[in-house]
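The values are calculated or read from the model by the stated rules, or taken from the named source; none is laboratory data. As the structure is a prediction and not an experimental result, all values here were calculated from the model. Note that we place each Cβ from the backbone using ideal geometry, even for glycine, and neighbour counts take in every protein chain shown.
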Amino acid sequence: MMQNVLLLGDSIRLFYRDKVKEKLGSDYKVMSPEENCRFSYYALNSLRFWLPKFETPDIIHWNIGLWDSAILYPEDGCFVSKNEYVENMKKILRELKKTGAKVIFATTTPVKDEKQFLPGPMPPRHQNEDIIEYNAAVLEAFKDENIDINDLHTLFYPKREEYLSDDMIHPNEDGVELLSEAVVNAIKKHSGFINNKTKKEAIADIEKSEKTIQ
């Protein structure tokens, strides 16, 4: 039976989407918004429009973070504060889990080191130390959640200068190959899983899990 895979995320997801679809082949139906999912506030608001548009997903793979950790204006620091980012991501995860799908969260990929010297706001500045801090914070928040982690940051970071394009943030052809392979492998871990839960059943499971954690 064909599995429904929903890909969510910023422009990094847009870069690897087609290659992931190609690599997964005919056993998977790969769905994703045509638009850039941008930052955590935007994604949280947009889920109410995106999710009803697609068939019930069996697997959801998502990444959000580069916009949140961007520095548009030096006076303000990161576009979305770390605490706000974590709270938004927790809410996004809550809504994704309501679908009953297997959820895979991908960490935010690094940028070229020289990007920290850009003045902003167009293009914005990024600092790898901020990206690392934001990744660590959201992983800590997700440590008791029953989800998979696809650590794209750790995979990409050692060879970031080699795998990033001239814009210092998006993957080049080799980078797309690396990321798409990692995403496909993460999805195939759940090969054969079919989401038979109704939204009501999925929400009941979440509530039961939360009571157990408490």
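Things worth noting here:
- Residue check, Asn146 of a type outside the set (Ser, Thr, Tyr), closer than 18 Å to Ile59 by Cα and at pLDDT below 95: yes
- If you check Phe79, Phe49 for being of a type outside the set (Asp, Glu), part of a loop (DSSP other than H, G, I, E, B) and either closer than 19 Å to His190 by Cβ or in contact with a Pro (Cβ under 9 Å, 6 or more places away or on another chain) (or both), only one passes: Phe79.
- Within this structure, Asn135 fails the test of being modelled with pLDDT under 95 and within 27 Å of Glu87 (Cβ to Cβ).
- Options Ile71, Ile60: the member that is among the aliphatic types (A, V, I, L, M) and touching a Pro at 6+ places or on another chain (Cβ under 8 Å): Ile71
- Of all residues in the stretch 94-131, those that are crowded, with 22+ Cβ neighbours inside 10 Å, in contact with a Phe, Trp or Tyr (Cβ under 7 Å, 6 or more places away or on another chain) and assigned to a loop (DSSP other than H, G, I, E, B) total 3.
- Where a residue in the stretch 84-98 is under 16 Å from Asp68 (Cα atoms) and its partner, wherever it lies, is at pLDDT below 95 and surrounded by 15 or more Cβ atoms within 10 Å (Cβ to Cβ), with Cβ under 7 Å and at least six apart: none
- Inspection of the stretch 143-158 finds no residue satisfying the criterion of being in contact with a Gly (Cβ under 8 Å, 6 or more places away or on another chain), assigned to a loop (DSSP other than H, G, I, E, B) and among the hydrophobic types (A, V, I, L, M, F, W, C).
- Cβ separations smaller than 7 Å between residues 6+ apart or across chains give the following pairs from the stretch 34-53 residues that are touching a residue at least 12 places away in the same chain (Cβ under 8 Å) and under 15 Å from Thr99 (Cα atoms) to residues that are surrounded by 11 or more Cβ atoms within 10 Å (Cβ to Cβ) and among the aliphatic types (A, V, I, L, M): Leu44/Ile92; Leu47/Ile92.
- Counting only residues that are more than 18 Å from Leu66 (Cα to Cα) and of a type outside the set (A, V, I, L, M, F, W, C), the stretch 10-33 holds 11 of them.
- Complete set of residues in the stretch 13-46 that are surrounded by 19 or more Cβ atoms within 10 Å (Cβ to Cβ), in a strand (DSSP E or B) and not aliphatic (A, V, I, L, M): Tyr28
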